[in-house]
Amino acid sequence: MAKVCVVRHVPWEGPHRIAAALADFELVEVDALAPGAELPEPGRLAGAVVMGGPMSANDDRRLPGIAAELSWIERLLAAGVPYLGVCLGSQLLARAAGAAVRPGAHPEIGFAPVRATPEGERDPLVRALAPETVVLHWHGEVFELPAGAVSLAASELTEHQAFRLGDRAWGLLFHAEADEELVAQWLREPVMRREARDALGPQFERLLTAAAGAHAAELARRGDRAFRAFARACAERASGMS
């Protein structure tokens, strides 16, 4: 069975709904920041999914695991391995491709729309969210667009919410994998609760829970279509490896 590597940075940010779309692959999960973590050789992978976390893509001097991950992503890109980066994973993709990651004007936390660009409406993944979908945002930093990349979506606060580099690497700043279960899980984590309270005020839990109830079903339907498109890219890679 072909392998797809899933990179975690914290225990509560795993692939969630993305895993179901990759059911035909062996998922190799790696905690990139654990002591002695080993990221698999790109040449042996049908794909890579890099998830989020509260640290920064600029923490490579403070966290050796981030530095190693940036080098690994460069090798993935050189090898043509399909890549899906979510939140921090998208910022790491941008940095590995030579673009800047910086603090946004304001933290963007909560459910709000992203609108596909004209390129996004034609993109294999993001067209599932076109023309507009309410998604879960949970980030304080944003990325510049790497050279040669195509911007795929934007929000009211953030010019670049998604991009594609080449034809097999995608960065999504938002969480299309979110549903009510994921929101409930994150609201049990002290780090996430603190970030949400700082951004949304004392009613953060009620606001996020209500928004998840209103939007999660539609997001799951559209997001699952996007993740199946990524799985198809991994399958094409796997067929060329056999």
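The values are calculated or read from the model by the stated rules, or taken from the named source; none is laboratory data. Keep in mind that this is a model prediction, so the values were computed, not measured. Cβ atoms come from the backbone with ideal geometry, glycine included; neighbour counts cover every protein chain shown. All accessible areas refer to the heavy atoms of the entire protein, side chains included, with ligands and DNA or RNA removed. Shrake-Rupley method; radii C 1.70, N 1.55, O 1.52, S 1.80 Å.
Checking ALA37, ALA19 one by one, the residue that is small (Gly, Ala, Ser) and under 16 Å from the mean Cα position of the chain (by Cα) is ALA19 and no other.
Within region 8-16, identify whether any single residue is free of Cβ contacts under 8 Å to residues at least 60 places away in the same chain, out of contact with any helix residue (DSSP H, G or I) (no Cβ under 7 Å at 6 or more places or on another chain) and aliphatic (A, V, I, L, M), and answer yes or no. Walk me through it before giving the result.
First pass over region 8-16, keeping only residues free of Cβ contacts under 8 Å to residues at least 60 places away in the same chain: 8, 11, 14.
Next, from what is left, pick out any that are out of contact with any helix residue (DSSP H, G or I) (no Cβ under 7 Å at 6 or more places or on another chain): 8, 11, 14.
In the following step, the residues that additionally are aliphatic (A, V, I, L, M) were identified as none.
No - not one qualifying residue is present in region 8-16.
Check every one of the strands (runs of 3 or more DSSP E) wholly within region 119-232 and list those with 3 or more residues that are not aliphatic (A, V, I, L, M). Write out each step before concluding.
Details: elements: 132-143, 150-154, 162-165, 169-172.
Answer list for region 119-232: 132-143.
Could you check how many residues of region 17-52 are under 22 Å from GLU180 (Cβ atoms) and open to solvent by 10 Å² or more (accessible area, probe 1.4 Å)? Of the residues in that region, 5 qualify. Does TRP186 satisfy the criteria of being open to solvent by 10 Å² or more (accessible area, probe 1.4 Å), under 16 Å from the mean Cα position of the chain (by Cα), of a type in the set (Phe, Trp, Tyr) and within 19 Å of VAL50 (Cα to Cα)? Here the answer is no, as TRP186 does not meet what is asked. Number of residues in region 53-87 that are touching a helix residue (DSSP H, G or I) at 6+ places or on another chain (Cβ under 7 Å), open to solvent by less than 10 Å² (accessible area, probe 1.4 Å) and either within 20 Å of HIS175 (Cβ to Cβ) or part of a loop (DSSP other than H, G, I, E, B) (or both) equals 8.
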